[in-house]
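Heads up: the structure comes next, in structure tokens.
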Amino acid sequence: MNGNPLLRLQLRASPALAGSLLLLHALAAFCIVLALPGSLGWILGALVLALGAVAAWDRALLRLPRSARALELFPAARAVLALADGSRMEGTVAARRNVNQWWVSLPLEGRTLLVARDMLSEGDFRRLRIWALWGWVPGVAAPQLAG
């Protein structure tokens, strides 16, 4: 991607998101065991729980080679996702973004990046929310730069 990004964010692991993913998958596994009695229910429940562990390891704890490590945002909703294995994934962030006080969801051509509040500093998370909502990043006013 040409030029300097509007915003470069270094992502950190999120224990809160990992715990939430594990808890929700454990609840789903429990529901499966209740709905399908017998060995089939236990096997399917164990698979759902294992899926939750892999999702937490990849998406929340950022431990797999294809886990997101950094996000660079450019004008016109262009973005580059730096992965743990050193590769980069470029694309356009779709307009259907979910933004709230706890997370920001960014659909990026074939992958959705969920950035939890504890994955960034408070200021970076605020800037990401503003970019996701309005497409710009707050900067320093020109008079402040002159003084």
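The values are calculated or read from the model by the stated rules, or taken from the named source; none is laboratory data. From a predicted model like this one, the values you see are computed outputs, not experimental measurements. Counting neighbours? That spans all protein chains shown, and the Cβs are built from the backbone with ideal geometry, glycine included.
Can you find a residue in the range 31-53 that is touching a residue at least 12 places away in the same chain (Cβ under 8 Å), surrounded by fewer than 17 Cβ atoms within 10 Å (Cβ to Cβ) and among the aromatic types (Phe, Trp, Tyr)? No: zero hits. Set side by side, the residues Leu83, Leu64 differ, and just one is closer than 20 Å to Ser14 by Cα, surrounded by 13 or more Cβ atoms within 10 Å (Cβ to Cβ) and over 13 Å from the mean Cα position of the chain (by Cα), which is Leu64.
Is it fair to say Pro37 is at pLDDT below 95 and more than 30 Å from Leu133 (Cβ to Cβ)? For Pro37, the condition - at pLDDT below 95 and more than 30 Å from Leu133 (Cβ to Cβ) - is met.
Determine if the range 77-91 includes at least one residue that is over 29 Å from Asn2 (Cα atoms) and not polar (S, T, N, Q).
Scanning the range 77-91, I find no residue that is over 29 Å from Asn2 (Cα atoms) and not polar (S, T, N, Q), so the answer is no.
Residues in the range 118-140 that are surrounded by 18 or more Cβ atoms within 10 Å (Cβ to Cβ) and either part of a strand (DSSP E or B) or without any contact (Cβ under 8 Å) to a residue 60 or more places away in the chain (or both): Phe125, Arg129, Ala132.
For (1) farther than 19 Å from Leu24 by Cβ; (2) modelled with pLDDT under 95, each residue gets a yes or a no:
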| site | (1), (2) |
| --- | --- |
| Phe74 | yes, yes |
| Ala84 | yes, no |
| Ala94 | yes, yes |
| Met119 | no, no |
| Trp131 | yes, yes |
